[in-house]
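Trainee: Questions regarding the structure given below will be posed in turn.
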Amino acid sequence: MKIADLKLFIKVVELGSFTAAANALDLPRANVSRRINDLEKSVGSQLFHRTTRNLSLTNSGSTYFDEITQAIELFDRAQQSLSSSRDMLTGKIKLGVLPETYDLLQPILFEFHDKYPEIQLDIRSISNGFNEIFQQGLDIAIHGGPIFDSDIVARKVIQYRRALVASPSYIEEYGPLDSLEDLHNHKCICFRWPNGDIDSHWHFDSGTASVKASLIANSVGFIKGAAIRGRGISFLPTMMIKRELKQGSLVSLLTQETAISEDGWLLYPQPKTLNKASKVLIEHLSLEIPRLNRLS
């Protein structure tokens, strides 16, 4: 019986399926199933009830889970105390990042990596943290905007604002934007939220503008690229378009209007499923990401 197999058993219970555990640990699903079968043979008892749709603990499995969880926590604590005495933190972290935030987050992540060089950072491009955190087995994911019903923990780390922008070529072809009401006369590029809703109500201190989308995408990067190419007016976070505004590939519209502030979040599974390295990165991101507001 191996410690790794016991930790695998715990991960399956916490995530609720062999597939989710396999994704989280970068293992083939068949490997997970085989190792759990071997563990059951080793302990001489069936740990899970298996159906085509559900996986649940047997009474024996529930008791075993409670006891093993405590034992593994003691084991990990002993290992961490040794690591702390060597002033070293190790492990692997899978972090889901929106491609359009790379420039903002790279300095923060590189600072963390320099401080903890023994940690392996596995950065994954995502478009929807809520869906992909389990699909890709992520430890942490970045998310902007509303929070939806989920078992995922959401930790607010920043507030940001959006701005109406378009390319100079679009303005030349379709004319300037004179008011929020004038948005009805323009092509608008809208974001699709993770729950499927289209972000067609753009909120400002002076009121809400309801727009008709001529183009919809669930990627902020795609929307920014479409706006740069003259496909319409978009409503984008200012911290993600600083370079384009400075270079002139995008132009701010109705600068007298102030958008309602929105929230940026770190998403992660229940903390007990995370390794120490992931917990330390969460604290690092929670400290450093809010400083982006001052930089922008």
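Trainee: Cβ under 15 Å from I36's Cβ, I36 left aside: what net charge do those residues give with Lys, Arg +1 and Asp, Glu -1?
Mentor: On the way: positive: K2, K7, K11, R29, R34, R35, K41, R50; negative: D5, E14, D38, E40.
Surrounding charge for I36 is +4.
Trainee: What distance in nm separates the simple spin-label points at N54 and R34, each placed 7 Å from Cα in the Cβ direction?
Mentor: Distance between label points: 3.0 nm.
Trainee: Once you compute Rg and the Kirkwood Rh from C-alpha atoms, what is the Rg to Rh ratio for the range 1-158?
Mentor: Here the Rg-to-Rh quotient is 1.01.
Trainee: Note down the relative contact order for the chain as a percent, whole number, built from C-alpha pairs under 8 angstrom at least six residues apart. Working shown, then result.
Mentor: Numbers: 459 pairs, mean separation 63.3, N = 296.
That works out to 21 percent.
Trainee: Using per-residue counts of other Cβ atoms within 10 Å, averaged over each peptide, order 111-120, 30-39 from highest down.
Mentor: Numbers: 111-120: 13.5, 30-39: 15.7.
Put in order of decreasing packing, that is 30-39, 111-120.
Trainee: Around I142, what is the net charge, scoring Lys/Arg as +1 and Asp/Glu as -1 over all other residues with Cβ under 15 Å from its Cβ?
Mentor: -4
Trainee: Moving on to the next point. Could you rank the peptides 164-170, 142-148 by their average count of other C-beta atoms within 10 Å per residue, with the highest value first?
Mentor: Highest to lowest by the protection proxy: 164-170, 142-148.
Trainee: Could you work out how far helix 29-43 tilts from the main Cα principal axis of the chain, as a 0 to 90 degree angle to the nearest 10?
Mentor: That helix lies at roughly 30 degrees to the long axis.
Trainee: Taking all protein chains as present, what is the carbon and sulfur share of the accessible area of the chain, in % to the nearest whole number, probe 1.4 Å? Walk me through the numbers on the way to the answer.
Mentor: Values: 7700 of 15640 Å².
Carbon-and-sulfur percentage of accessible area, whole number: 49.
Trainee: Give the label of the value calculated from the structure for Rg and Dmax of the Cα atoms in Å, choosing from (1) 21.5, 73; (2) 18.3, 54; (3) 23.4, 76.
Mentor: (3)
Trainee: Arranged from highest to lowest average of other beta-carbon atoms within 10 Å per residue, in what order do the peptides 266-274, 203-211, 45-53 appear?
Mentor: Averaged packing, sorted descending, gives the order 266-274, 203-211, 45-53.
Trainee: Run the helix sum for the chain: -39,500 (n - 2.57) per DSSP H stretch of 4+ residues, divided by residue count, reported at 222 nm to the nearest 500 deg cm²/dmol.
Mentor: Value at 222 nm, helices only, nearest 500: -12500 deg cm²/dmol.
Trainee: I've got another one for you. Please report how far the C-alpha centroid of the range 189-206 lies from that of the range 12-49, rounded to the nearest whole angstrom.
Mentor: Answer, in whole Å: 40.
Trainee: Another question, then. Among DSSP beta bridges whose residues both lie in the chain, state the antiparallel percentage, nearest 5.
Mentor: Percent antiparallel among DSSP bridges in the chain is about 65.
Trainee: Next up: Please give every one of the aspartates and glutamates within straight-line cross-link reach of K115, meaning a C-alpha to C-alpha distance under 15 Å, and leave out same-chain neighbours fewer than 8 residues apart.
Mentor: D87, E283, E288
The values are calculated or read from the model by the stated rules, or taken from the named source; none is laboratory data. Remember, predicted model here, so these are calculated numbers, not experimental data. Neighbour counts are summed over all protein chains in view; Cβ atoms, including those assigned to glycine, are modelled from backbone coordinates with ideal geometry. Areas reflect the complete protein model, heavy atoms only, side chains present, ligands, DNA and RNA absent. Shrake-Rupley method; radii C 1.70, N 1.55, O 1.52, S 1.80 Å.
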